[in-house]
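Colleague: Got a structure for you, questions after.
The values are calculated or read from the model by the stated rules, or taken from the named source; none is laboratory data. Predicted model only: the values in this text are computed from it and were never measured. Reconstructed Cβ throughout: ideal geometry from the backbone, glycine too, with neighbour counts over all protein chains shown. For the accessible areas, the whole protein counts, side chains as well, though only heavy atoms, and no ligand, DNA or RNA atoms are used. Shrake-Rupley method; radii C 1.70, N 1.55, O 1.52, S 1.80 Å.
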Amino acid sequence: QEVNDHVSFIRNFGLLAHIDAGKTTTTERMLYYAGSIRSMGEVHHGNTVTDYMEEERLRGITISSVAVTLLWDKHRFNLVDTPGHIDFTMEVEQTLGILDGVVVILDGSAGVEAQTMTVWRQADRYTLPSIIYVNKMDRNDANFSMCLDSIQLKLGTVPLPIQLPVYESQNGCSFQGVIDLITMEKLVWDTNKRGLTYKRISLDPAEDELWKEAAHARTKLVEQVADLDDHLAEVVIRQENLEYVSSNELVESLRRVTLAKLGVPVVCGSSYKNVGVQSLMDAVTHFLPSPNEHNKHLVACFGSNLCARAFKVIHDHQKRPVTFFRVFSGKFSKGQKIYNISQERSEQTGKLMVAFADESEEVSEVLCGNIAAITGLKNTVVGDLVTTNASAASAACRKLMKLKGSDDSSDIHDLFGVRTKVPDPVFFCSVEPPSKSYQLALEQALQELQREDPSFRVIQNEDTGQTVLGGMGELHLGIIKNRILSEYKIDVELGDLQIAYKETIGTVVKDTHTITLIPNENVKQECLLLDRSPDNAANIAAISFKHLHAVKLGVESVMAHGPKLSCPVVNAQVMLHCLEVGRGTSDTIITASVAQCIRRLLEVDGTSLMEPIMHLEIVTNGQNLSVVLADLTRRRALVQDISSRGLSKVLNVLVPLSELLGYSTDLRTITSGTASFTMEFHCYQHMSQQDEAKAIKNVTGLI
């Protein structure tokens with residue numbers, strides 16, 4: 001296809017959705033209609049382009065965020081297909097920082113679901129303009145009006161439907177196409193040709209019911225948009241009739257509203273049935289921003305110098321790292337040297353490629369606004385910002401500080417607004433190689449997997465000498481195990497899953513005059529406080545930076561392992577009143593002394609356990625509702641609400657994670673496979689003495 005190379009013709013966007021809403025199928029159709037592939041794969045056949053990892057094809061879910069490039073209507077799409085499963089939400093978080101907009105996909109029979117709200121909040125944090133695509137409109141229980149209501153109610157935004165679904169009642173109400181409310185045309189797809197072609201048929205007022213419905217919907221759309229866009233409001237007032245607003249004026253107004261995040265255009269279709277995907281791609285070109293309309297602060301600061309952010313690292317078949325970058329300004333050239341701003345070091349790049357799922361094309365340069373894949377980088381990790389050289393980084397930093405009116409350049413990530421939020425693991429388990437001869441190979445495999453996935457943690461337990469893995473759920477750790485076997489040929493053994501409990505204090509605990517432990521539920525980062533009261537200010541002021549650093553290390557070491565279950569101590573701060581250091585005392589002795597003092601205070605007063613609470617959305621039929629509720633009762637569940645979604649019942653429930661081990665199998669058993677659920681972390685909560693004793697027994701085998 002002919003494509004315009006200007007940056008305004010580039011669209012960097014991601015597909016976000018609840019699991020099984022149809023993201024990967026939609027991506028496959030986009031690639032097919034753009035001419036990038038000759039045949040369409042299916043998720044259930046395990047032959048889609050973007051689900052290229054063996055684990056993804058076996059399980060039919062997307063684990064990694066995959067960047068693919070395709071050409072559509074003179075535009076270059078850099079499209080990222082992201083996971084919908086909550087265990088892999090970190091992949092979504094990594095990707096959002098490099099996108100300019102998102103397409104949120106809904107299941108037409110379910111509307112906004114639990115994970116939809118999670119990814120919507122993530123996208124909102126990055127101020128990404130959105131389009132919503134209501135998929136699966138071919139289903140008998142699909143309901144477009146319900147979806148619009150759920151968008152407004154659950155996402156808190158104004159849905160702007162620019163299409164209506166059309167059904168052919170002669171064929172048993174089958175989904176036929178859509179009405180384009182902007183042009184007042186009916187779009188009908190030729191499903192015999194796999195949706196490659198479709199007709200645009202102007203609506204005729206003689207088609208009384210269809211035309212009336214469309215005209216009413218268009219008038220309502222113009223009213224909604226005019227309320228959000230002053231320019232369109234002036235046009236409406238000038239013309240004195242909502243019907244006279246032209247298609248071009250409506251498109252331009254919708255674009256302004258979308259970019260300002262005042263509302264969200266809504267289109268519909270059925271990707272699996274090959275209906276509506278081309279009009280979704282047209283909506284992307286019309287309403288989502290180009291690279292020069294988003295992340296303007298980075299372009300302003302770096303100018304013509306390279307500015308790119310790493311958002312993904314994978315290891316190819318030869319186990320060499322390939323790092324994916326979004327180029328915000330300047331250009332990436334083959335074999336150039338780059339400066340890592342976050343790590344303050346330079347690195348030499350290798351091959352430069354444009355990615356096509358698990359295939360790639362080697363190129364000599366990648367221009368601003370695009371996505372590049374680079375080999376040869378040993379130190380760069382996800383979230384790192386790179387530029388041409390150290391002087392370019394310093395100049396950009398000074399410009400940004402001037403723009404923000406700040407004189408603090410201590411935290412580069414916060415300054416450039418590119419910090420990735422890495423969630424804490426909720427599950428742990430030990431891992432053992434089949435024999436000692438595999439130990440080095442296992443360590444290498446874990447190191448590479450950890451670099452690819454920052455939410456996967458590898459910890460060495462000093463007490464037992466075991467290697468402990470931390471992850472976001474049973475599925476997450478299960479896939480890690482299977483990848484070690486399939487990709488590294490090591491048949492590891494995983495220990496029993498352990499819950500990530502935390503410990504806390506309930507009251508103020510004070511040493512004679514040196515240290516006090518203070519409970520504080522609002523603690524975010526800084527655990528150490530300095531007592532600058534009149535009695536102690538002079539002593540605190542006399543502490544050298546070197547000694548203060550040693551004190552901090554002591555605080556951090558002891559707060560990482562509480563006395564009860566060696567879990568992190570949270571919601572607590574240490575107040576240092578005074579510190580006297582004898583001549584020749586080493587920093588190590590200071591650190592050990594501080595740690596010993598705090599540990600003694602924790603042991604004297606004791607800590608209490610806090611357990612992770614998960615939010616569950618369970619979908620079941622009415623007949624099984626009572627048995628699902630009865631099962632939840634024995635799991636210490638708190639049912640927040642029960643609502644209806646078509647013929648199904650939807651339960652929103654808070655449940656301790658320790659009660660959910662194996663819940664997927666149990667739910668399938670008690671409902672004969674008819675119910676489903678999604679789960680995400682909600683909060684940490686104090687435990688009763690009885691539940692705490694049970695948890696200690698489960699972990700230690702003692703009571």
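Colleague: May I ask you to give the percent of accessible area on segment 624-703 that is carbon plus sulfur, with a probe radius of 1.4 Å?
Modeller: 54
Colleague: Still on this structure: Going by the alpha-carbon gyration tensor, a ≥ b ≥ c the square roots of its eigenvalues, is segment 618-677 rounded (a/c under 1.5) or, if a/c is not under 1.5, prolate (a/b greater than b/c) versus oblate?
Modeller: Taking the square roots of the gyration eigenvalues as a ≥ b ≥ c, segment 618-677 is oblate.
Colleague: Please give the calculated 222 nm ellipticity per residue for the chain, where each DSSP H segment of at least 4 residues contributes -39500 (n - 2.57) and the sum is spread over every residue; nearest 500 deg cm²/dmol?
Modeller: Mean residue ellipticity, 222 nm, calculated: -9500 deg cm²/dmol.
Colleague: Using a 10 Å cut-off on Cβ atoms, rank the peptides 532-544, 28-40, 671-683 from the highest mean neighbour count down.
Modeller: 28-40, 671-683, 532-544
Colleague: Also: If you average 1/r across every pair of different Cα atoms in segment 427-500 and take the reciprocal, what Kirkwood value do you get, in Å?
Modeller: This gives a value of 12.2 Å.
Colleague: Here's a follow-up. Does segment 503-606 come out rounded, prolate or oblate, given a ≥ b ≥ c as the square roots of the eigenvalues of its C-alpha gyration tensor, rounded meaning a/c under 1.5 and, failing that, prolate meaning a/b above b/c?
Modeller: Since a/c reaches 1.5 and a/b is larger than b/c, the shape of segment 503-606 is classed as prolate.
Colleague: Can you tell me how much longer the chain between GLN466 and LEU647 gets when fully stretched, taken as 0.36 nm per residue apart minus their C-alpha distance, in nm with one decimal?
Modeller: Net length gain for the segment: 60.2 nm.
Colleague: With a 1.4 Å probe and every protein chain left in place, work out the accessible area per residue of the chain in Å², rounded to a whole number.
Modeller: Heavy-atom accessible area per residue stands at 46 Å².
Colleague: Right, another one. How far apart, in nm, are the 7 Å Cα→Cβ label points at SER364 and THR157?
Modeller: Label at SER364, label at THR157, 4.1 nm between them.
Colleague: A further question on this structure: Run the numbers for GLU223 and ARG238: contour at 0.36 nm per residue of separation, minus the present Cα-Cα distance, in nm.
Modeller: Roughly 4.0 nm would be gained on extension.
Colleague: Something else now. Rounded to the nearest 0.05, what FRET efficiency do ARG583 and ALA537 give with R0 = 30 Å and r taken as the Cβ-Cβ distance? Could you check?
Modeller: Using R0 = 30 Å, I get an efficiency of 0.80.
Colleague: Which entry in [x] 13, 35, 32, 17, 2, 0; [y] 15, 44, 33, 7, 0; [z] 10, 16, 17, 18, 19, 18, 3, 0 is this structure's computed P(r) over Cα pairs in 20 Å bins from 0, in percent?
Modeller: Checked against the structure: label [y].
Colleague: While we're here: With r defined as the distance between the Cβ atoms of GLU432 and THR285 and R0 fixed at 51 Å, what FRET efficiency is calculated, to the nearest 0.05?
Modeller: Computed FRET efficiency for GLU432 and THR285: 0.45.
Colleague: At what distance in nm do the modelled label points of ALA395 and GLN690 sit from each other, each positioned 7 Å from its Cα along Cα→Cβ?
Modeller: For the pair ALA395/GLN690, the computed spacing is 6.9 nm.
Colleague: Sort 632-640, 119-127 for me by packing, meaning the mean count of neighbouring Cβ atoms within 10 Å per residue, highest on top.
Modeller: 119-127, 632-640
Colleague: Ordering TYR133, TYR339 from largest to smallest accessible area (1.4 angstrom probe), what's the sequence?
Modeller: Ranked from most to least accessible, the order is TYR339, TYR133.
Colleague: Also, quick follow-up: Among MET40, LEU242, SER394, whose Cα sits farthest toward the positive end of the charge dipole of the chain (+1 at Cβ of Lys/Arg, -1 at Cβ of Asp/Glu, about the Cα centre)?
Modeller: SER394
Colleague: Give me the percent of DSSP beta bridges within segment 503-606 that run antiparallel, rounded to the nearest 5.
Modeller: The answer is about 65 percent antiparallel.
Colleague: Could you size up the charge dipole of the chain around its Cα centre, putting +1 on the beta carbon of Lys and Arg and -1 on that of Asp and Glu, and report it in debye to the nearest 20?
Modeller: Taking the Cα centre of the chain as origin, the dipole is about 1200 debye.
Colleague: Can you give me the Cα centroid spacing of segment 261-322 and segment 627-691 in angstrom?
Modeller: 36
Colleague: May I pose another question? So what's the net charge close to HIS513: Lys and Arg +1, Asp and Glu -1, counting the other residues with Cβ under 13 Å from its Cβ?
Modeller: Taking every Cβ under 13 Å from that of HIS513, the sum is -3.
Colleague: Keeping all protein chains in place and using 1.4 angstrom, which order do ARG583, ARG320 fall into by accessible surface area, from largest down?
Modeller: Per-residue accessible area, sorted high to low, gives ARG583, ARG320.
Colleague: Under a point spin-label approximation (7 Å from Cα along Cα-to-Cβ), what is the HIS513-VAL627 distance to one decimal in nm?
Modeller: 7.0
Colleague: Along the charge dipole of segment 610-700, which of ALA675, GLN623, SER643 sits closest to the positive end, that is, farthest toward it, with unit charges on the beta carbon of Lys, Arg, Asp and Glu (+1, +1, -1, -1)?
Modeller: GLN623
Colleague: Under a Cβ-only charge scheme (Lys and Arg +1, Asp and Glu -1), can you give me the dipole magnitude of segment 427-500 about the Cα centre, in debye to the nearest 20?
Modeller: With only Lys, Arg, Asp and Glu charged at Cβ, the dipole is about 140 debye.
Colleague: Can you work out the FRET efficiency for the pair LEU548 and GLN343, with r the C-beta to C-beta distance and R0 = 22 Å, to the nearest 0.05?
Modeller: The pair LEU548/GLN343 has a calculated efficiency of 0.30.
Colleague: Mind ranking 156-167, 10-21 by how tightly packed they are, going by the mean number of other C-beta atoms within 10 angstrom, highest first?
Modeller: 10-21, 156-167
Colleague: Got a sec? Charge dipole of the chain, +1 on Cβ for Lys and Arg, -1 for Asp and Glu; which of LEU494, ILE182, THR464 is way out at the positive end?
Modeller: So the residue furthest toward the plus end is THR464.
Colleague: Under a Cβ-only charge scheme (Lys and Arg +1, Asp and Glu -1), can you give me the dipole magnitude of segment 610-700 about the Cα centre, in debye to the nearest 20?
Modeller: Magnitude of the dipole: close to 220 debye.
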